[in-house]
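To start, the structure itself, in structure tokens.
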Amino acid sequence: MSDLTPTVVAKLLRERRTVHEFTPDPVESSLIADAIELARWAPNHHRTEPWHFYVLDYNTGMRLAALNGEIVAAAKGEKIAAVKRKRWSEMPGWLVVSCVKSDEEIRAREDYAACACAIQNMSLYLWEQGVGMKWTTGEVTRNPGFFNIVGMDFEHEYVVGLLWYGYPALVPTQHRKAPEEILSYVTSKSEQNA
């Protein structure tokens, strides 16, 4: 079926990190295309395939950085906005993942979950290739101006994530709760009385 062993998959799952600092080196467009191809194989109830991927060029990213700067300046002041603009201008790669809107509550939740799984597929593949990613969902991603800049349809889709990607300059360390803190075994009463 595959040349991946459970050990390789487990290692990849444990070692992947959200990257906050990137080198300026560009990521090959073929790697991003491969990641999107793999993203579409995410679990997806009724195979609605609700996702759409927007790979942004640098200038489009800078327009989003400027819009975000305006939003931050209005809420927190120009000094903080300038810091955000500088930070965003240093991102080597930009990608937006959207989801089709649905009036059906259950489908909407399932479609969002599918998009999240698609992003995880991308993230794991890129990590295997030495590329890190940061997934953000700040206020700017809900602003109509964001949709205009990217060329998205505000009425029919919403942003699941703005993804920055690149080669990691620094890989952060992390920890997780121990399994016994998050795991419960549930048995039915009939099995308990048997």
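Computed from the coordinates by the stated procedures, all read-outs in this text should not be read as laboratory data. Since the model is a prediction, treat every value here as computed from it, not as a measurement. Backbone-built Cβ (ideal geometry, glycine too); neighbour counts: all protein chains shown.
Okay, here's what the table says:
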| read-out | value |
| --- | --- |
| Long-range lysine pairs (8 or more apart or interchain), region 16-193, Cα under 21 Å | 4 |
| Whole-number percent relative contact order across region 16-193, with pairs defined as alpha carbons under 8 Å at least 6 apart | 37 |
| Tensor-based shape of region 113-194 (alpha-carbon gyration tensor, a/c under 1.5 rounded, otherwise prolate or oblate) | oblate |
| Scattering profile of region 57-120 at q = 0.12 Å⁻¹ [log10 I(q)/I(0), Debye over alpha-carbon scatterers] | -0.48 |
| Projected area, mean over directions - the chain, Cα convex hull, nm² | 15.6 |
| Angle in degrees between helix 6-15 and the longest Cα principal axis of the chain, rounded to the nearest 10 | 40 |
| C-alpha long axis of helix 58-76 to longest principal axis of the chain, angle in ° | 90 |
| Leading residue at positive end of dipole, region 16-193 (Cβ point charges), from 119, 146, 179 | 179 |
| Three principal axis lengths of region 1-103 [C-alpha, angstrom, descending] | 54, 39, 24 |
| Burial ranking of peptide ranges 99-111, 129-141, 160-172 (average Cβ count within 10 Å, highest at the top) | 160-172, 129-141, 99-111 |
